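Read through the structure below, which is laid out as structure tokens, and then see the notes.
The values are calculated or read from the model by the stated rules, or taken from the named source; none is laboratory data. Treat the numbers as computed from the prediction; the structure is a model and nothing was measured. Every residue, glycine among them, receives a Cβ derived from its backbone with ideal geometry; neighbour counts consider all protein chains shown.
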Amino acid sequence: MEASNMQRVSIIGAGTMGNGIAHVFAQNGFTVTLIDVNANQLEKAISTITKNLDRQVTKGTLTEDQKQQALSNITTITDIGEGVKNAELVVEAATENIELKLKIFKQIDDAAPVGCILASNTSSISITKIASVTKRPELVIGMHFMNPVPLMKLVEIINGYATTKTVTETIVALSKQLGKVPCVVNDYPGFIANKILMPMINEAIYSLYEGIAGVEEIDTIIKLGMAHPMGPLQLADFIGLDVCLSILNVLYNGYGNTKYAPCPLLVNMVTAGKLGVKSNEGFYTYAAGNKELVVSERFKK
């Protein structure tokens, strides 16, 4: 199917990435079914999407009518089979856990119509592996959006071993239709974004672990010296330290190279539940209403 003819999109997972993806599709006129087994999560997602659309209205990038139209384009459901039965494209945006993703792809493969493209928003898990549990591996592709989805332009598109050229071309065109910039890569651990980003974050954590510099110094050097908008430790907190650890393990297991081995400090922090923004503490602390970055007591000199 050509991207210009596609209308019905199902998004699986109503967390940060899922609600952002739903927002972008709905704002661009697609009929969106947002699916999550947790009804409370779906309510939170609609609330988040509404707030983000309100922000766009305040900034003048969206009218009130366009906001209301975008919201009317989204329906929510807790049943995966029912939610994908009429889809032309399914985008899975569940937790970065391979067993969960394989289970979901088996379900959507059984329930989605013939010809429906199945995409995963995975940031590191093999598309070929995901496709292997379906009866349509040629229609499975990676569509890795960046967080926050409504603002970030990049979509990393990952071809699985069996993904057809037609499917790739369709997803490239669709990404452009969403106002994004698609970049096509091949299916190897971490793809490109995280194959390059995660070793940098890991090296920053090692530099802290080895006492070479403090949290603020490491982040300031990268922000001011390399013109990054956010330092690697703050970025790790934003991504989620558990997610960083998971991706590094994928890289380490996939390539068998010790340069991807997660820093012991990262492992300990995840074990202790210090996951960054989502747990209110990582390398920094995140008190409600505090707009200033405050280094965690654990790392203060």
Kindly indicate whether residue 230 is closer than 25 Å to residue 301 by Cα and outside any helix (DSSP H, G or I).
yes
Condition set among the hydroxyl-bearing types (Ser, Thr, Tyr) and surrounded by 16 or more Cβ atoms within 10 Å (Cβ to Cβ), scope region 232-288, selection nearest to residue 199 (Cα to Cα): answer is 260
Being among the small types (Gly, Ala, Ser) and closer than 14 Å to residue 265 by Cβ, is that true of even one residue in region 221-236?
yes
Note on region 250-287: residues in contact with an Asp or Glu (Cβ under 6 Å, 6 or more places away or on another chain) and in a helix (DSSP H, G or I) are 270, 277
Filter region 69-90 down to the residues that are of a type in the set (Gly, Ala, Ser) and either modelled with pLDDT under 95 or under 20 Å from the mean Cα position of the chain (by Cα) (or both) and list them by number.
none
Being of a type in the set (S, T, N, Q) and buried (at least 19 other Cβ atoms within 10 Å of the Cβ) is the requirement here; does residue 33 meet it?
yes
Filter result for the condition that a residue is of a type in the set (D, E, K, R), farther than 20 Å from residue 149 by Cβ, without any contact (Cβ under 8 Å) to a residue 24 or more places away in the chain and surrounded by fewer than 22 Cβ atoms within 10 Å (Cβ to Cβ), over 65, 79, 54:
65
Quick test for you: out of 45, 87, 93, 14, pick the one residue that is among the aliphatic types (A, V, I, L, M), in contact with a Phe, Trp or Tyr (Cβ under 9 Å, 6 or more places away or on another chain) and crowded, with 23+ Cβ neighbours inside 10 Å.
93
Just wondering, is there one or more residues in region 214-229 that are in contact with a Leu (Cβ under 6 Å, 6 or more places away or on another chain), farther than 15 Å from residue 295 by Cβ, among the hydrophobic types (A, V, I, L, M, F, W, C) and surrounded by 14 or more Cβ atoms within 10 Å (Cβ to Cβ)?
no
With respect to residue 185, is the statement that it is of a type in the set (A, V, I, L, M) and touching a strand residue (DSSP E or B) at 6+ places or on another chain (Cβ under 7 Å) true?
yes
If I filter region 96-119 down to residues being touching a residue at least 12 places away in the same chain (Cβ under 8 Å) and within 26 Å of residue 252 (Cα to Cα), which single residue comes out as surrounded by the fewest Cβ atoms within 10 Å (Cβ to Cβ)?
97
Inter-residue pairs, beta-carbon under 8 Å, first more than 23 Å from residue 173 (Cβ to Cβ) and β-branched (Val, Ile, Thr) and in region 120-145, second at pLDDT below 95 and not in a loop (DSSP other than H, G, I, E, B), 6+ apart
125/98; 125/250
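Quick test for you: out of 41, 66, pick the one residue that is closer than 30 Å to residue 250 by Cα, modelled with pLDDT of 95 or more and not acidic (Asp, Glu). Before you say what the answer is, go through the steps one by one.
Numbers: 66 fails: closer than 30 Å to residue 250 by Cα.
That would be 41, the only listed residue that is closer than 30 Å to residue 250 by Cα, modelled with pLDDT of 95 or more and not acidic (Asp, Glu).
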